[in-house]
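Visitor: I am attaching a structure below and will ask some questions about it afterwards.
Derivation of every value follows stated rules applied to the coordinates shown; laboratory data play no part. Predicted model, so just to flag it, every value in this text is computed and none were measured. Reconstructed Cβ throughout: ideal geometry from the backbone, glycine too, with neighbour counts over all protein chains shown.
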Amino acid sequence: MSTEETEDTGRPVLDPAEELFEGLYGGDDDAVVRALRAGVPPEAADQDRQTALYVATAQDRPVMVRLLLAAGADPDRASGADGAELPLCGAAVWGRTEVMRALLAAGARPDLEEDAGVRALTWACRQGRAEAVELLLANGADPDRPGPGEEPPLVTAARRGSPSSVRALLRHGAAAKEDALTEARRWLGVDVEEDLRGTLAERHREEHGSDCAAYVEIVSRRVEEDGGVTVVVELHHDGGGITGAEQQTGHAAVATLLEEDLGLRTPADTLAERALRRGDPDQEDWTEAVEVLRRRGDEDTFRAAAAWCGTEDPLRQMFAADVLAGLSNGGMPARAVPLLRELSREARDPEVIRAAVAALGQQADPAGVTEILRHAGHPDPEVRFGVAVALHGLLPAGRADGVEAVIALTRDPDDGVRDWATTVLADVEEDTSAIRDALADRLDDAVPDIEAEAARGLAMRQDARAVEALARILENEDPDGYAYSTAEQAVEYVADERVRRRLEATVPRSR
């Protein structure tokens, strides 16, 4: 390393070009600025022929990327010993959208190819980087330009099992829908983890011989992302190296998306089986099937949901409740609510009860309030949370039992339950001393959001106890947080103009 001694400190001083790359790898923005000001070309490359811009991209340094671009670095200059690595592709592989925005703003061409026809959109689809896919398409990337092997991006995204990437491509007019559907359906019958294990083991044998298998440990893990689960499989080599592969598992949601886009009517039972195969209401295999059936909302859908309610399978009952919650065509709500009320009464599984209560809340029919309230004291906090959410905006005037139940929930040991119950109580039409006192009890709640909701409810009722709490929140809470914004809105209800102006003038303390 080229250095020299300074007269003042005796510390070694890096050559400016070396300082540039030390700064890029070490995250030292000031070092990069010094090197550029010292005359180091922004197109400089290191000993491995990696350009400064590519290194900044690979290290996910958006500030440095912008510094280099502003100094004149070419966003499309290839990097590496063989000149085959493009900055935009390097960013797309890892979904580094902030870096990608800087490169695209500087004129990077989204469809520029690396070797073998790989471009940024290919990498983003292969890796399931949905935000990167959307960003590239919004900046002019061709949604149908094929990658290696003449494979369209939509097929690549379908193989990956990324519903969000597929949606982005469909929004931008991707045409290879039939081929992508065939690929997604093919993966429905594949054990993703076993497939990855087999592929990696075979690759290892090809590279090292069959006798090396004993020195390798195979490790698998599952990561929740993009509305599903990504399976990651790694080979841990005896020498410390790791070879890995990963695959998303949203192929059922992808198939459902593509079928809808192609106008194909998938039977309700098929959609249910896709949702239930992983059994997670938060995953897109489930939610996409639910949305399709809700939009369909016809007699066949209602009958299927009614049949699922009558089974002894809790997951199937939960799926039925989710479908019935969104049926809104014609007279469907009037038929769905009685089914949900019965399911709520008869169910014993807490998750089924929670699904039925949530569905009654979404249907927003006061006829379901009694069934919702019967679970206000349920031992499962998730059920009580569902009750509080379902009652928001639904509790009719004159339901004294409902108000009593909500007041009890404002004292719940679970923060989430207390939060929603306080919101419900703040918004009920009644104004009684019991309601005001219950809200006042929450003004010293340890959760600022709850305190803010209580103050809002009191301010709406012109109760002076709100003022001190509002002043405290406006002074001490994060101006970008929920508690602060709720308090700001609550100030509008303060009738005393002098007090209101004082609250409006409150300046948040520096954080």
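Visitor: Which of the helices in the chain, when you take each full DSSP H run, stretch at least 30 Å along the axis at their Cα atoms and have an average Kyte-Doolittle score of 1.6 or higher?
Guide: none
Visitor: With P(r) over Cα pairs in 20 Å bins from 0, in percent defined as stated, name the option among [x] 18, 35, 36, 10, 0; [y] 24, 57, 19, 1; [z] 19, 41, 31, 9, 1, 0 computed from the structure displayed.
Guide: Step by step, P(r) over Cα pairs in 20 Å bins from 0, in percent for this structure corresponds to label [x].
Visitor: Count charges around residue 115 for me, please; just the other residues with Cβ under 13 Å from its Cβ, Lys/Arg as +1, Asp/Glu as -1.
Guide: In short, -3.
Visitor: Once you sort the root eigenvalues of the Cα gyration tensor of region 409-511 as a ≥ b ≥ c, which label holds: rounded (a/c under 1.5), prolate (a/b larger than b/c) or oblate (the other case)?
Guide: It is oblate, given that a/c is not under 1.5 and a/b is not larger than b/c.
Visitor: Hey, another quick one. State to the nearest 20 debye the size of the charge dipole of region 267-504 about its Cα centre, where the only charges are +1 on K and R beta carbons and -1 on D and E beta carbons.
Guide: Dipole magnitude for region 267-504 comes out near 640 debye.
Visitor: Determine the dipole magnitude for region 382-469: charges of +1 sit on the beta-carbon of Lys and Arg, -1 on that of Asp and Glu, nothing else is charged, the reference point is the Cα centre, and the result goes in debye to the nearest 20.
Guide: 180
Visitor: Rank by packing, highest mean first: peptides 270-278, 33-41, 217-225, with packing defined as the count of other Cβ atoms within 10 Å averaged across residues.
Guide: 270-278, 33-41, 217-225
Visitor: With a ≥ b ≥ c taken as the square roots of the eigenvalues of the C-alpha gyration tensor of region 132-237, please select rounded if a/c is under 1.5 and otherwise prolate if a/b is larger than b/c or oblate if it is not?
Guide: Judged from the Cα gyration tensor, region 132-237 comes out prolate (a/c at least 1.5, a/b above b/c).
Visitor: What's the magnitude of the charge dipole for the chain around its Cα centre, counting Lys and Arg as +1 and Asp and Glu as -1 at the beta-carbon? Answer in Debye, nearest 20.
Guide: 1600
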